[in-house]
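Chemist: One structure follows; several queries about it will come next.
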Amino acid sequence: MTALLRLEGVNGYYGASHAIRDIDLHVDEGEIVTLLGRNGAGKSTTLKTVMGLVRCRGGRVLLRGQDVSAMPTHRIARGGVAFVVEDRQIFSLLTVEENLRVAWRKGSPWQMDDVYRLFPRLRERRRNGGGKLSGGEQQMLAIARALLGGPSLLLLDEPTEGLAPVIVEHIADTLAQIAARGVTILLVEQNLAVCERLAARHYILEEGHIVYHGGAAEFRAAHDIKQRFLAV
């Protein structure tokens, strides 16, 4: 497989705080890969560094082999990367449909009907304001909005956090469908059942370092690793 995304020795800082250190990872075309770790391990920072929201200071972020480490966020987005952040950041004063229409990009393979088929609840609530939606509906809207830009790579930060089990199941099913349509996914997620169900490979971060990388079968059996680095 060809790596759509590759991080080579990537370092990221918040001021003088060294948040991620010498990160090496890759995500191949069509894969779902998870980035795991306890709170504060550097998972969100890694996604933000890919997106250019945290500047890469040392190392390289490569998208289809092109170094995007110094690119501004809007150019990375135009290159086919979408980021669904942990707090969703929908427009609360706009309706569901208005949220979606402002995100649609001409030429995108994803149209309004596509995302409404993925998320029928959004079609039902399309005239409702974003601020009137439940947490699960807001997450559906955030994912749908990202897809309308036509990304080849989708970065997801804790998409099932705080959601009811039935909504978690729906989100997991939907991510599988999105991947089946050719969108590559790098997923930060605490729900190990979701991770093991969806992902081909897993990375674990601890104090800003990659401390584990393994395939699906290996990770499923790695009870000691999960206990050491993921148990609360």
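Chemist: Among the residues of the stretch 39-87, which ones are charged (D, E, K, R) and at negative phi?
Modeler: LYS43, LYS48, ARG55, ARG57, ARG60, ASP67, ARG75, ARG78, GLU86, ASP87
Chemist: Where in the stretch 68-163 are the helices (runs of 4 or more DSSP H), entirely inside, with at least 2 residues that are of a type in the set (D, E, K, R) and surrounded by 14 or more Cβ atoms within 10 Å (Cβ to Cβ)?
Modeler: In the stretch 68-163, the matching helices (runs of 4 or more DSSP H) lie at 96-103, 120-124, 135-147.
Chemist: How many residues are within 21 Å of HIS18 (Cβ to Cβ), β-branched (Val, Ile, Thr) and surrounded by 17 or more Cβ atoms within 10 Å (Cβ to Cβ) if we restrict to the stretch 194-232?
Modeler: 2
Chemist: Moving on. When you scan the stretch 222-232, how many residues do you find that are farther than 17 Å from VAL33 by Cα and in a loop (DSSP other than H, G, I, E, B)?
Modeler: Of the residues in the stretch 222-232, 2 are farther than 17 Å from VAL33 by Cα and in a loop (DSSP other than H, G, I, E, B).
Chemist: Now a separate question. Assess whether ILE167 counts as being over 17 Å from VAL85 (Cα atoms), over 15 Å from the mean Cα position of the chain (by Cα) and in contact (Cβ under 8 Å) with a residue 24 or more places away in the chain.
Modeler: The answer is yes for ILE167.
Chemist: Can you report the number of residues in the stretch 181-216 which are outside any strand (DSSP E or B), charged (D, E, K, R) and in contact with a Phe, Trp or Tyr (Cβ under 9 Å, 6 or more places away or on another chain)?
Modeler: Within the stretch 181-216, residues that are outside any strand (DSSP E or B), charged (D, E, K, R) and in contact with a Phe, Trp or Tyr (Cβ under 9 Å, 6 or more places away or on another chain) number 2.
Chemist: I'd like the full set of residues that are at pLDDT 95 or above, more than 16 Å from the chain's Cα centre (by Cα) and closer than 26 Å to GLY182 by Cα, limited to the stretch 1-42.
Modeler: Hits for the stretch 1-42 are GLU8, ILE23, ASP24.
Chemist: A further question on this structure: Identify, from the list VAL54, VAL68, VAL102, VAL96, the residue that is over 30 Å from GLY129 (Cβ atoms) and either over 16 Å from the mean Cα position of the chain (by Cα) or of a type in the set (S, T, N, Q) (or both).
Modeler: VAL68 is the lone residue from the list that is over 30 Å from GLY129 (Cβ atoms) and either over 16 Å from the mean Cα position of the chain (by Cα) or of a type in the set (S, T, N, Q) (or both).
Chemist: Filter the stretch 1-55 down to the residues that are part of a strand (DSSP E or B), surrounded by 15 or more Cβ atoms within 10 Å (Cβ to Cβ), out of contact with any Asp or Glu (no Cβ under 7 Å at 6 or more places or on another chain) and acidic (Asp, Glu) and list them by number.
Modeler: ASP28
Chemist: Filter the stretch 80-89 for residues that are at pLDDT below 95 and not acidic (Asp, Glu); which is nearest to ILE23 (Cα to Cα)?
Modeler: Once the filter is applied, the top-ranked residue is VAL85.
Yes/no matrix, rows are residues, columns are (1) farther than 17 Å from LEU35 by Cα; (2) at pLDDT below 95; (3) out of contact with any helix residue (DSSP H, G or I) (no Cβ under 7 Å at 6 or more places or on another chain):
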residue	(1), (2), (3)
ARG117	yes, no, yes
LEU122	yes, no, no
LYS132	yes, yes, yes
LEU141	yes, no, no
SER152	yes, no, yes
LEU155	no, no, no
GLU169	yes, no, yes
VAL188	no, no, no
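The values are calculated or read from the model by the stated rules, or taken from the named source; none is laboratory data. This one's a predicted model, so the numbers in the text were calculated from it and none came from an experiment. Note that we place each Cβ from the backbone using ideal geometry, even for glycine, and neighbour counts take in every protein chain shown.
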